[in-house]
Structures are given as structure tokens and as C-alpha cells.
Amino acid sequence: MKEQYDFDAIVVGSGITGGWAAKELTEAGLKTLVLEAGGPIDPAKDYVEHVQPYEVPFRNWGDRGLLKKERPIQTDCYACDEIGHKFFVSDVENPYTHADGAPFSWFRGRQVGGRSITWGRQVYRWSDLDFEANAKDGHGNDWPIRYKDIAPWYSHVEKFIGVSGAPEGLSQLPDGEFLAPMQMTAVERTARERILKGFNGTRLMTIGRAAILTEDHNGRAACHYCGPCERGCITHSYFSSIGSTLPAANATGNLTLRPHSVAAELTYDAMRGRIRGVRVVDANTLRDTEYKARVVFLCASAIESVRLLLNSKSAHFPQGLGNSSGTLGRYVMDHHYGSGASGTMSGFTDRATFGRRPNGIYIARFRNVSTQHADFLRGYGMQGGSSRRDWHRGTTMPGYGADFKKSLLDLGSWSLSAAGWGETLPHVDNRVTIDPNVKDKWGVPAARMDVRWRENERAMQRDMMTSMAEMLDAAGCTDIRLQPVDHPPGHCIHEMGGARMSNTPTQGVLNAWNQAWDAQNLFITDGACMASSACQNPSITYMALTARACDHAVSQMKRNEL
Amino acid sequence: MNLMPGFAEAAWGAVAAGAQRTPRVLGPTQEQMITLIADTILPRSDTPGAIDVGVPPWIGLVLAEYFSDTRRARFLADLGAIDRLALSTCGAILIGLKHHDLMKVMSSLDAACGSKDLTPAQRGYVQLKELIIYGYFTSKPVQQDLLKVVIVPGRFDADVRIPASPT
């Protein structure tokens, strides 16, 4: 008997990758259901980027009842504050646990648009330095793809979302399809030249490559430089699914978007060896519904997608769906970040900036590019910027009285700082499992994290500080201060891995097309698919892999291979 | 154009209407001390002072509903240490000091700003100074009239030429 389907495709998640899957699949003519655990967002009412501190009672600190009781974990993220907390989940409703001695920060957004509303918008291509790393040093498994496989898909994504940046011709950080770059300050331009000279051209500071429009693009307006993108953007000037891919999908007439739909389990047809559909708990009524489709895309974010698979047990998959290799939930990574240095650049007191640039500078990876560092494998990029110190300096400097007040209304000296974003080695014991004793508000068993930084990451963090201090010195800064930072894993919100791509079914969960080895009509294209982390902000790679996987799925469906 | 979203307006309304309902965590002497220090650090001059823009009552709100019970208890204990310092060095609690003695105590406390090893009195002062400065510079009159914050700049200019300022 022929299987009856409710939809051609189901996409779980409506964020960065879910939006891309929705766009690509609907534009290919597939009737597509997008499931979103959270509620709808109306940018006109919900976005708060122009709210000023004096418009909220606690001047953006929030009251402890609202934030500390409901969101004790989420408020450790800079963007979860009195104004923007609505885009972060309630920790009370969404519990997770971690192993003793292994704290893990899991910052989450359940709403249409997911974390594409709050993301950092930095987008950097990977190179073969990254795709070949596992194979070369033996940590993790070899990626089943190389740069040439993904390069056209990077271009495909960049042309649609709009990426501002400066081409630099670096092999380790390939250029993309850039809109005009944002401007560097006079201090940054000077530092760039001095650092280039001081390190024989090996250390390059460029303007951040950001998914923020510097010119009108695809019907979206250029940035108006108000500053806090993480609170939304009424002009959709930075890329979000809600402002770009979901409207494109909707325009096809093939999209059904179902908010308040918690994906609780993938159902499996053991006779046919395929995913049958998705069991959904209605977030409001708690009623169960199963939706069936020819193909399912998991785009729920790395840990959520792995959690969903681990919770989808059956006689055929007693250890979780798609886990015949035993690697499901293993090799979880994040970027370790934040250690660096700051300094003061003297002079330039006749220069200031106007507008709030939602972007900074980027120092491309320079460690282990052509020579091997003695203390660690892989590398890191650095992100930072310069600005003139403002009234905030008054909180830590001596002084009081009318003259003190007057001085704080003037601009202070220039600061220049940057911190590292480092690659984390894939480790078999860095993993997510299911906590048998904890369920979320909707009855779905919770994730349990056991992810730890190890010696390679620690050594890299030390080097981030000393190398940045060296660069500040070369740039001519004084009062250089090291900034040691020790955030727990997850804090960078670049959590990835857990359902990695591989060359063979015994090594991983997904093949070279993000397709589950154990069920060919299942694709996982969020961060769970990653076999290594590189050091670049990962979202553009997820987007490119999603578009590529969609193209493959559609091709297979056209050939009746799915 | 009213840029304040509904939720913020409602929250503000609740605070404004329910000022009496906000649990009072400061005694009259403590309120007077905070007001005195705020007025000394950021006095009225040709521009508004901390009292003019409502910093002391805002600090009261923050202490009541933002600080945890533990943090508030320690902070209030540290304010008590300021009074003990004033008493031991000048013979009266802070709000009872003559101007000359007040400046003497303020100078000794203020010199600790930026230091790491602080006495309880210095710790209380440094934390209070941070609240005063943050409350002042995030207030609407200061943001709009003195800092002239442009909410929607419409462009980014990385290199604006301005008169050189001493830093």
C-alpha cells in the first residue's frame, strides 16, 4: 500500500538553518511543514532595538524576579537583559543537566526565527585548512567534504543574505560575495598597518565580515546603525530567518508554519527503513499529533536535534535513532573564547565616530597556518574593536564634583582590544545524553551535558592573551592588560557536533550530504552535523550545508530515490 | 513617535503607580546618606545633578528589586561601615558632617576607586558610586539633553573630526 503523506517535507526548527531548508525546499516545489517549538514573533510589536535604558525600570539590568528566577542560565548571555530577554527561553520550563564538574551554558531561543534573531551575525568561510584538520592530526574523523564541495553554496547563501566585508586574499579565510565593508576607525586602520609590519604580514586585522547590509539588498534596507541587533531589526537589515528566508518560503505558497509545536520524537517505519514522520506535542494543549512526510530535515540546533534523536528510541534503534555507529551525542564542541588583551592608543583625540557600528574587527587565524606551534594544535581568530572611552569610565576612576561630572560628558582616550575564538578538538567523551530523571514542561526528556575544555584548549587560551598583547604593543598601545576569560562550554553559543558527518556509516551519523546513514529520508543540517569546529563563527557553514543538502534531497526525490 | 513598547510602558506604569508598594529596604538615614553622596559626586552645576534626574529613588528601586537579599545585606552593611569611618575620624555619621569633614571622608573613600583591596567602607562607596554614575548617565534627561544620543543614526562614520580633547 502506498504511504500517505501529510507533507512532502517537514523541517524541525525555524531559525538559521530551518529557514534555509524551508526556502530551498518550498522553492523546489515541495509542500513543506516547518515546526517551531516557540510562538510567533511580530517584528512590529516584539522587536525592541530602539528601546532606551530609561524606558525600562531597571535601566536594562532587569529585576531579579523577572530574570534571575525565570532565566538564571540565560541571563549569563549578554543579550538576555531587561530589554531583550523575551528572545530567550524560560530555564524553568526548559531544564537540562550537566555532569559534576562540567558546567555547560545552553542559551536558547524558542520562537519563530529561533536564534537567528539574536545571533552575532559574524560570517566567515572555512577553508581546507579546516576541512583537512581532522585527517591531518588524527583528532576526530575525516570530513567527507572539502572546500570545493561547499564553496558554491557559500556563494549561494551570501548572495541571498548579504554579507559586508573586505576581500583580503587569505587562503585560510576565503573571501566571499561581499557587499561594501563597514569602515574601520582611524585607530583600527593604524593598528592594522603597524601589526602587518610588526609581524611580517602574517597577522592581518580586517573589518568583521557580517551578515548586515551596508546597502539595500534583496528588498531589505541598509543598516541604520542603531546598535543592538540582538534585540531585532525592524528593517531586517541583518539576516534573520524571519526577515529573509521564511518570507521567501512563504511567497511560494508551499509553506505551512506551525508555531507552538514541540517535536518530541521521530517515528520510524522499520519495514521500509525510513522516517515516517514527527510526533509533535502542541505546546499549549499538550496534545500529540504525528505529521508524516517523505523527507525530514532536523534544523532544531545541535543539542536539540541530538536530543530528539536520542529520545526517538525503538526496537530497531534502542540507543537512539540513527545511532548504529554509536557516535550519536559524541564529539560535541563549542568555541572557547574571550581571552585576549586590551590597551590604550594614545593620540587620535581629534577623532570620534558617529553611529553605532554593529560589527568589529577580525584578526584572521595565524597560528598553525604555515608552521606548527609547540603548545597546541589548530588555531583561533580574534575579534574586537576600538572605541573612545565614555562616561562608563567614571565608575572605576577617582573623582567627584562638578568638574568630574563635566569631564565624563567628554570622550576619553581610545581603547583597542580583541579576544580569541578558538577551535575545540573533537573528543569522544564530550557528549550529550538524555537525563532519565528530568523532563521539560512538555514531557520531553531533558539533555544531559558532559563537555569539558581540555589541555589543547587551555594552551590556546594562554596564547590568545600573549599574542594579542604582542599585537597591541606592535600597534603602539600602552597600558596593555591581559584578559583571562574562562567561560564554560556552550557559552559561545557555537555548540556543534553530536551527529557528525563521516565517510562511512561506522564513523558517524551523516554522510557527505548531511543524510542519515540509518534513514536516507532524514537530513540533519544544523550544527549537530559538524565533524570539527574550526575557529570561525559557524552559522554560514550551517546555512551552506543546509542549502546543499536540500539540493541533494530534491534531486533524489526527483529521481524517486527517496 | 512613542518608541516605548507596550511591555515597557506597562512595567513603568506599575513602578510609577506602585512606588509605595515597592518594598522599602532603606531607612531614612540610609536614604539621606545615598542622596548626600550622589549630590556630592554629581552635583547640580550648569547641568543637572544626580538628584535632579532622580538617581536616589532609582537606587532604592534597584536595591529592593534587583539586588539579591545577600548582596543587598552586604551593601547596606558596607554603608554602615562608611558611617563608622565618619564617626571615628570626624565625630559624626556621614549626614551629620560639616562640609569640610565630608570632603575629607569622601576624599579618603574616593581614592580607592580602581583599587582591588578595599575596606568595607571603600567597597560600599565604590559600589554606590557605580550606581550613581550609571543611574545618572542612563537617565532620560542626560541621555537626551547632555549626551544627545541619536537613537537612529542612519549612518556610521568611522572618522568624525572633532576638536581635540584632553584625555
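Quick notes on this one:
- Cβ-Cβ under 6 Å pairs, at least 6 apart or on other chains, the range A:288-310 side farther than 18 Å from A:D269 by Cβ and in the same structural domain as A:S105 (by TED's automatic domain parsing), far side hydrophobic (A, V, I, L, M, F, W, C) and part of a helix (DSSP H, G or I): A:C299/A:A21; A:A302/A:A528; A:S305/A:A528; A:V306/A:A528
- Qualifying residue in the range A:410-425 (condition: crowded, with 21+ Cβ neighbours inside 10 Å, within 14 Å of chain B (Cβ to nearest Cβ) and either touching a Pro at 6+ places or on another chain (Cβ under 9 Å) or part of a loop (DSSP other than H, G, I, E, B) (or both)): yes
- Screening the range A:28-60 for residues that are surrounded by fewer than 18 Cβ atoms within 10 Å (Cβ to Cβ), on the phi < 0 side of the Ramachandran plot and touching a residue at least 12 places away in the same chain (Cβ under 8 Å) and picking the one that is nearest to the other protein chains (Cβ to nearest Cβ) gives A:A44.
- Test set (1) more than 10 Å from every other protein chain (Cβ to nearest Cβ); (2) in contact (Cβ under 8 Å) with a residue 12 or more places away in the chain - B:L87 fails condition number: (2)
- Scanning the range A:339-376 for residues that are within 29 Å of the chain's Cα centre (by Cα), more than 18 Å from A:R194 (Cα to Cα) and among the hydrophobic types (A, V, I, L, M, F, W, C) yields A:F354, A:V369, A:F376.
- Any hit, the range A:187-202, residues being surrounded by 19 or more Cβ atoms within 10 Å (Cβ to Cβ), in contact with a strand residue (DSSP E or B) (Cβ under 8 Å, 6 or more places away or on another chain) and over 29 Å from B:R161 (Cα atoms): no
- Every residue from the range B:112-155 that is on the phi > 0 side of the Ramachandran plot, within 7 Å of chain A (Cβ to nearest Cβ) and at pLDDT 95 or above: B:G154
- Among the residues examined, A:P484 qualifies as touching a helix residue (DSSP H, G or I) at 6+ places or on another chain (Cβ under 9 Å) and either closer than 23 Å to A:R203 by Cβ or touching a residue at least 12 places away in the same chain (Cβ under 8 Å) (or both).
- A:N323 being closer than 23 Å to A:R115 by Cβ and modelled with pLDDT of 95 or more: no
- Taking (1) away from chain B (no Cβ under 14 Å); (2) in contact (Cβ under 8 Å) with a residue 12 or more places away in the chain; (3) not in a loop (DSSP other than H, G, I, E, B) in turn, A:P103 satisfies each apart from (3).
- Hits in the range A:195-243 - residues which are in a helix (DSSP H, G or I) and in contact with a Gly (Cβ under 7 Å, 6 or more places away or on another chain): A:E230, A:R231, A:S241, A:I242
- So A:R231, is it within 23 Å of the chain's Cα centre (by Cα), of a type in the set (D, E, K, R) and within 14 Å of chain B (Cβ to nearest Cβ): yes
- On the stretch given as the range A:65-89, residues that are of a type outside the set (D, E, K, R) and surrounded by fewer than 18 Cβ atoms within 10 Å (Cβ to Cβ) total 4.
- Exclusive hit being assigned to a loop (DSSP other than H, G, I, E, B), closer than 23 Å to A:S261 by Cα and touching a strand residue (DSSP E or B) at 6+ places or on another chain (Cβ under 7 Å), set A:P95, A:P144, A:P167: A:P95
- Any chance A:I207 is buried (at least 18 other Cβ atoms within 10 Å of the Cβ) and not assigned by TED's automatic domain parsing to the domain that holds A:C477: no
- For the range A:371-408, filtering for residues that are in contact (Cβ under 8 Å) with a residue 12 or more places away in the chain, more than 14 Å from chain B (Cβ to nearest Cβ) and in a loop (DSSP other than H, G, I, E, B) leaves 6.
- Test: residue in the range A:170-180 that is within 13 Å of chain B (Cβ to nearest Cβ), surrounded by 24 or more Cβ atoms within 10 Å (Cβ to Cβ) and either modelled with pLDDT of 95 or more or closer than 29 Å to A:F348 by Cα (or both): no
- When A:L308, A:L328 are screened for being in a loop (DSSP other than H, G, I, E, B) and away from chain B (no Cβ under 14 Å), only A:L328 passes.
- Residue list for the range A:106-128, filter: farther than 30 Å from A:L170 by Cβ and either without any contact (Cβ under 8 Å) to a residue 60 or more places away in the chain or assigned to a strand (DSSP E or B) (or both): A:Q111
- When the test is whether a residue is within 14 Å of chain B (Cβ to nearest Cβ) and closer than 22 Å to A:Y238 by Cα, A:I83 passes it.
- Scan the range A:428-452 for residues that are buried (at least 20 other Cβ atoms within 10 Å of the Cβ) and in a loop (DSSP other than H, G, I, E, B) and the total you get is 4.
- Considering (1) under 27 Å from B:V142 (Cα atoms); (2) of a type in the set (D, E, K, R); (3) touching a Leu at 6+ places or on another chain (Cβ under 6 Å), the lone condition that A:D63 does not fulfil carries the number (3).
- Screening A:G232, A:G219 for residues that are surrounded by 24 or more Cβ atoms within 10 Å (Cβ to Cβ) and more than 26 Å from A:T344 (Cβ to Cβ) leaves exactly one candidate, A:G232.
- The set of residues in the range B:49-96 being buried (at least 20 other Cβ atoms within 10 Å of the Cβ) and farther than 27 Å from A:R71 by Cα consists of B:A50, B:V53, B:V55, B:P56, B:D78, B:L79, B:I82, B:D83, B:L85, B:A86, B:L94.
Let's see how each residue does on (1) closer than 25 Å to A:P167 by Cα; (2) among the β-branched types (V, I, T):
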{"site": "A:G322", "(1), (2)": "no, no"}
{"site": "A:V332", "(1), (2)": "no, yes"}
{"site": "A:G343", "(1), (2)": "no, no"}
{"site": "A:S346", "(1), (2)": "no, no"}
{"site": "A:R351", "(1), (2)": "no, no"}
{"site": "A:F354", "(1), (2)": "yes, no"}
{"site": "A:A374", "(1), (2)": "no, no"}
{"site": "A:Y380", "(1), (2)": "yes, no"}
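- Only one entry of A:F348, A:F354 meets the criterion of being among the aromatic types (F, W, Y) and free of Cβ contacts under 8 Å to residues at least 40 places away in the same chain, and that entry is A:F354.
- Out of A:A186, A:A210, A:A251, one residue alone is free of Cβ contacts under 8 Å to residues at least 24 places away in the same chain and over 20 Å from A:R548 (Cα atoms). It is A:A251.
- Looking at A:N284, A:N368, A:N323, A:N359, just one residue is in a loop (DSSP other than H, G, I, E, B), closer than 30 Å to A:L482 by Cβ, among the polar types (S, T, N, Q) and away from chain B (no Cβ under 14 Å), and that residue is A:N368.
The values are calculated or read from the model by the stated rules, or taken from the named source; none is laboratory data. Model, not experiment: these values are computed from the prediction. Positions of Cβ are generated from backbone atoms using ideal geometry, with glycine treated the same way; all protein chains shown enter the neighbour counts.
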